[in-house]
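Asks: Dropping a structure here in structure tokens format, bear with me for questions.
The values are calculated or read from the model by the stated rules, or taken from the named source; none is laboratory data. Just so it is clear, the model here is predicted, and its values are computed rather than measured. Ideal geometry is used to build each Cβ from the backbone, glycine not excepted, and the neighbour counts take in all protein chains shown. The protein model used for the area step is the full one, side chains on, heavy atoms only, and it has no ligands, DNA or RNA in it. Shrake-Rupley method; radii C 1.70, N 1.55, O 1.52, S 1.80 Å.
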Amino acid sequence: MRFIIIKVSSLLLMLLLLSPQLRAQPVGVGAYRSGFGIEGNTVFFSCDLADVKVEFCSASMARIRTSWDRHFAENEPWMVVRYQWPKADVRLKEEAGRFILETDELRLVVNKSPFAIDIYDAGGKLLSSESLQASGGNWKAGDAVMCRKELGVDEHFFGFGERMDFMDQRDKLVKLNVGRGTGRPHIIGAYNVLKANYCPVPFFMSTRGYGIFLHNSYATEWDMGLTNPGAYSFQAAHGELDYYFIYGPSFPEILDSYTGLTGKAPLMPLFALGLHLGTYSGGTWGHEELTSTAYVINLARKFRESGIPLDILHLDSTWRLFGKNGGKGATTFEWRETFEGPKAMFDSLYAMHINLAGVHIRPRFDNGTKLDLLNQAQKLGYTYPEENNPGEFVNFFDPKAVDWWWENGVMKVAALGARFVKTDEGSAFGFEANESDKIGPTGLEAERLHNLFPIAYAKAPYEKFMAFNGIRGMNHTREGYAGIQRYPFIFAGDWPSEWQYFAPVIKAGLNIGLSGVGNWAHCMGGFEHDADPELYIRWCQFGLLSPVAHLFGMDHPGYKEPWNYGDDALRIFKDYTVLRYRLIPYLYSHSYEMYRTGMPMMRALVLEYQHDENVYGITDQYLLGSQLMVCPVTMKGAQTRVVYLPEGTWFDYWSGKRYEGKQYMQVLTPLDQIPIFAKGGAIIPMQEEKQYIGKEPPGLVTLDIFPSGESAFTLYDDDGRSLDYQQGQYALTHITCKETQGGVHIEIGAPTGPFALPNRSYLLRIRRDTPPVSVVAGTVLPELETGPDGVKAPDSGPGWYYDDSEKVLYVRPGGKSGQPILVKIK
């Protein structure tokens, strides 16, 4: 015991040196003294120095709160959206020196002196322990609050938001506060991947089978074993020690519970899965005189003429007149004088079937030449006050201020045709802004709101435009915090077009998905600087296989437009954009899964292979949905790369070659090919090539199938635009594939659900090494002599064709999509 006390004392000393917030003398909660009681799902404990509440949200989740002033804060509405829970079956027992709280899934042992909570699963496996700490697990020092727990020898941690440094955070120190690096030059300031914090999330998942969400909006710090290899801790600079313990034991189960607390990601309009394009309208900063509405119209027209699909377009900051007070960092809502006829521009874009067009904004008001919105808002009290002045930031925490901002600011552009905004620089509230030395609001309340501001900032236009447009919401934002997934989507920030930033951006996407935020994008090709054509190609391959495909650059005059980076870049960009559009039924089905369960579309391998230590450090491969694994090429000139195939059967997506998992492989990486592998048994629904997403579901669905054992996929359909899916207005088509000794059986179920699907046909594209003896779908199907093009044709009748060069069997089963279709391949 003496050794343990010395170890803890050493840990406290190092924490005091490490963290300014803990330099005051730390105090624990002492011992339990009296006041044990229960009310509803909440158990109360009164200790020498603090009160503790344990609330059971479910059999697998408990909220644990500690208050040293014995007053608990009111529930906030920004991070957590659910506080009411059904009655939990909690069994309580008091024993000598401890209390036992049990549900069907958890067993909490509450030690009385010192007060400490150890948590076990129902089978008796220790998940989390505080009792080995000599003075308990909960501490307060000055204003800072901290919890410290035992670190398991086999324990690894994932989450923490959009991190670009590491994925497995064991033995690391993680600081979470919305912002990015500061100082000059940018390469060690704004472009410092170790300081990138565009979307921190105070949540992690442990490979022991639990997660912790620290419900506190102040800056937090997480020592995950750096200071002491036997313990980890998390602390907040101010506020209450309030955290949720979430048992899985699987990562998907933990994410489901976490997003049940902080909100599921709603479905965006179907067309939001298409290509998004940002533009500086011909003139980035320093070239503003070159901007014009003509440039924007011609840009969209060139995409159409080039045959590159496109659905969404936004005008970045140079559309607007930079004001007298905040310059580039604020919004006047006045059009720059170079933009002639913005309404006609929007009309032209919509006539070319651009589904949504919008503009970039910043959260400060400013005065222009015709509008003095800053002055007006300040007089009305709709800006957030700063020291000695009424402030410039729209007070997005005040519904009246939001209404005034919408009616007097945003409607200046919405009335002309803008249908969404890109909400940029949400981090500037109480933090150094991008383009100025302004800090904005300061003080303790501003510190509390700093991390919440990006959520309020994204929420306002998301909800306003949803009502105005009469369709589902979509917002494009840069910063976030816990709960930002409710207002999709978020992008990774302004990373230069240099090879050194490409792999960290991929890592950011994996980490944010592990943190409950699935609708994520990045500036493919990089944002600033002219891109090396090879980097442009490799980054765009990844970008077009990301959850949201966003093309946007600041480099003049290239602007990341694909024809500006060579013939290979244009060809490959078009090919991968077409592939993405064909994959939309697959992607949309996973969007629905994300809405229902919190599972992101872009999945770090550890999310599905939690107990395979080989994947803990893999940050350049990911699962796109449940069936495909994508392996970006992040090294210049690479002709090969190493990939890891987890357990199971895998197929090379391009060649159809079959491999067994649990092995590393060296694969070829020609410039026009990003390595993709399909899981054994994968069923990939695809649609025909499209230039934009219309209102009708696809008439022909191709099922790309990689038979192995028994597998299934559920294809999701709805109207793609309304919120009716939230009331169950959708259709599910269950598809199964069973590999047997005698062949393969594929069954396409009749759609279920009230959403009425028009009749559609199916084309099966089945990977197999040899032609079949026969194919039966109700009757024996004939072998078609028309070749692969004929069997793919819309007017093709039932039949099959085997392409020996592709090693692919094509089957047109016929039948009606409203009835089950069974295909037997012998």
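Asks: Hey, any idea what the orientation-averaged projected area of the convex hull of the range 744-819's Cα atoms comes to, in nm²?
Replies: Reported value for the Cα convex hull: 5.5 nm².
Asks: While we're on this one: Amide H to amide H, which residues 5 or more places from CYS57 or on other chains are under 5 Å from it, using H placed in the peptide plane?
Replies: ALA62, ARG63
Asks: Of the peptides 245-255, 196-206, 644-654, how do they stack up when ordered by the mean number of other Cβ atoms within 10 Å, highest first?
Replies: Highest to lowest by the protection proxy: 196-206, 245-255, 644-654.
Asks: Still on this structure: With bins 5 Å wide starting at 0, give me the P(r) of the range 280-335 over every alpha carbon pair, in whole percents.
Replies: Here the calculated profile for the range 280-335 is 4, 19, 24, 21, 14, 10, 5, 2, 1.
Asks: Write down Rg/Rh for the range 193-347, rounded to two decimals, with Rg from the C-alpha atoms and Rh from the Kirkwood relation over Cα pairs.
Replies: On the Cα set of the range 193-347, Rg over Rh gives 1.15.
Asks: Another question about this same structure. Residue farthest toward the positive end of the dipole of the chain, with Cβ of Lys/Arg at +1 and Asp/Glu at -1: which of VAL775, PHE431, HIS360?
Replies: Of VAL775, PHE431, HIS360, it is VAL775.
Asks: Rounded to two decimals, what is the ratio between the C-alpha radius of gyration of the range 569-728 and 2.2 N^0.38 Å?
Replies: Ratio of Cα Rg to 2.2 N^0.38 Å: 1.10.
Asks: So for the range 485-539, considering every pair of alpha-carbon atoms, how many percent are separated by more than 20 Å?
Replies: Roughly 25 percent, once rounded to a whole number.
Asks: Report, in cubic angstrom per residue, the convex hull volume of the C-alpha atoms of the range 626-696.
Replies: 128 Å³
Asks: Can you give me the three principal axis dimensions of the range 551-592 from its C-alpha atoms, in Å, biggest first?
Replies: Projected onto the principal axes, the Cα atoms of the range 551-592 cover 39, 21, 7 Å.
Asks: Let me ask you something else. Holding the Cα-Cα limit at 20 Å, pick out from LYS53/LYS459; LYS328/LYS459; LYS738/LYS824 the pairs that are longer than that.
Replies: Violating the 20 Å Cα-Cα cut-off are LYS53/LYS459; LYS328/LYS459.
Asks: Note down the accessible area of GLU76, probe 1.4 Å, to the nearest 10 Å².
Replies: Here the accessible area works out near 30 Å².
Asks: Over the alpha-carbon set of the range 698-826, work out the extent along each principal axis and list the three values in angstrom, largest first.
Replies: Sorted from largest, the Cα extents of the range 698-826 read 46, 32, 26 Å.
Asks: Which value results for Rg/Rh of the chain when Rg is the Cα radius of gyration and Rh the Kirkwood radius based on the inverse mean 1/r?
Replies: Taking Rg over the Kirkwood Rh, I get 0.98.
Asks: What Rg and what Dmax come out for the range 189-262 when only alpha-carbon atoms are used, in angstroms?
Replies: Answer for the range 189-262, Rg first and Dmax second: 13.7, 39 Å.
Asks: To continue, here is another question. Mean separation of Cα pairs under 8 Å and 6+ residues apart, divided by the residue count of the chain: what relative contact order is that in percent?
Replies: About 9 percent, as a whole number.
Asks: Determine ³J(HN,Hα), in whole Hz, for all residues of the range 251-257 in sequence, where each value follows from phi through the Karplus function 6.51 cos²θ - 1.76 cosθ + 1.60 and θ = phi - 60°; x replaces Gly and Pro.
Replies: 4, x, 5, 5, 4, 4, 5
Asks: Kirkwood hydrodynamic radius for the range 243-311: how many Å is it when counted over pairs of different Cα atoms?
Replies: For the range 243-311, inverting the mean 1/r across all distinct Cα pairs yields 16.1 Å.
Asks: Moving on. HN-Hα J couplings of the range 724-736 from phi, Karplus 6.51/-1.76/1.60, θ = phi - 60°, integer Hz, Gly and Pro as x?
Replies: For the range 724-736, the Karplus curve yields 4, 4, 6, 9, x, 7, 7, 10, 10, 10, 8, 10, 10 Hz.
Asks: Follow-up question, since we're still on this one. Taking amide H positions as placed 1.01 Å from N in the peptide plane, with prolines and chain starts having none, which residues 5 or more places from LYS422, or on another chain, fall under 5 Å of its amide H?
Replies: Residues meeting the amide H criterion: VAL359, HIS360, ILE361.
Asks: So if I restrict to the alpha-carbon atoms in the range 271-416, what is the Rg, and what is Dmax, the biggest pairwise distance, in Å?
Replies: 16.5, 56
Asks: Which one, GLY509, ALA569, ASN228, projects farthest toward the positive side of the charge dipole computed for the chain from Cβ point charges (K/R +1, D/E -1)?
Replies: ASN228
Asks: Quick one: putting +1 on the C-beta of Lys and Arg, -1 on the C-beta of Asp and Glu, what dipole do you get for the range 111-227 around its Cα centre, in Debye to the nearest 20?
Replies: Around 340 debye, computed over the range 111-227.
Asks: May I ask you to order 376-386, 88-98, 577-587, 284-294 by the average number of other C-beta atoms within 10 Å around their residues, highest value first?
Replies: Highest mean packing first, the order is 577-587, 376-386, 284-294, 88-98.
Asks: Another question about this same structure. At q = 0.12, 0.17, 0.19 Å⁻¹, what log₁₀ I(q)/I(0) does a Debye calculation on the Cα points of the range 111-243 give, no solvent, two decimals?
Replies: -0.49, -0.93, -1.12
Asks: Can you work out ³J(HN,Hα) from phi for every residue in the range 813-822, in order, using Karplus 6.51 cos²θ - 1.76 cosθ + 1.60 and θ = phi - 60°, giving whole Hz and x for Gly and Pro?
Replies: So the Karplus estimates, Gly and Pro as x, are x, x, x, 10, 5, x, 10, x, 10, 10 Hz.
Asks: Percentage of Cα-Cα pair distances in the range 662-710 greater than 19 Å, rounded to whole percent?
Replies: The share of Cα pairs beyond 19 Å in the range 662-710 comes to 54 percent.
Asks: Just to be sure I understand the model, the point goes 7 Å from the Cα along the line to the Cβ. What's the resulting THR597 to GLU613 distance in nm?
Replies: 2.8 nm
Asks: Suppose each label sits 7 Å from its Cα in the direction of the beta carbon; what would the LEU290-ASN389 distance come out to in nanometres?
Replies: 3.3 nm
Asks: Over all alpha-carbon pairs of the range 358-443, lay out the pair-distance distribution in 5 Å bins, whole %, shortest bin first.
Replies: Spelled out bin by bin, the range 358-443 gives 3, 14, 24, 26, 21, 9, 2, 1 percent.
Asks: Hey, another quick one. Summing +1 for each Lys or Arg and -1 for each Asp or Glu, what net charge is found among the other residues whose Cβ lies under 9 Å from the Cβ of VAL29?
Replies: Around VAL29, the surrounding residues sum to -1.
Asks: Rg and Dmax in Å for the range 31-133, alpha carbons only: what are they?
Replies: For the range 31-133, the Cα-based Rg and Dmax read 13.6, 41 Å.
Asks: Give, as a single signed number, the net charge of other residues whose beta carbon lies under 13 Å from the beta carbon of GLU647, with Lys and Arg counted +1 and Asp and Glu -1.
Replies: Every neighbour counted, the sum reads -2.
Asks: Work out the length of the dipole vector of the range 189-296 about its Cα centre, built from +1 on the beta-carbon of each Lys and Arg and -1 on the beta-carbon of each Asp and Glu, and round it to the nearest 20 debye.
Replies: Dipole size: approximately 220 debye.
Asks: Would you pull out the residues with amide H under 5 Å of ASN192's amide H, same chain only if 5 or more places away, H placed 1.01 Å from N?
Replies: GLY181
Asks: Could you give the semi-axes, largest first, of the ellipsoid that matches the range 652-753, computed as the square roots of 5 times the alpha carbon gyration tensor eigenvalues and rounded to whole Å?
Replies: 30, 20, 12
Asks: Based on Cβ point charges of +1 for Lys and Arg and -1 for Asp and Glu, what charge dipole magnitude is obtained for the chain about its Cα centre, in debye rounded to the nearest 20?
Replies: Once rounded to the nearest 20, the dipole reads 620 debye.
Asks: Take the alpha-carbon centre of the range 747-826, take the same for the range 282-361, and report the distance between them in whole Å.
Replies: 45 Å
Asks: Counting Lys and Arg as +1 and Asp and Glu as -1, what is the net charge of the other residues whose Cβ lies under 11 Å from the Cβ of ASP530?
Replies: -3
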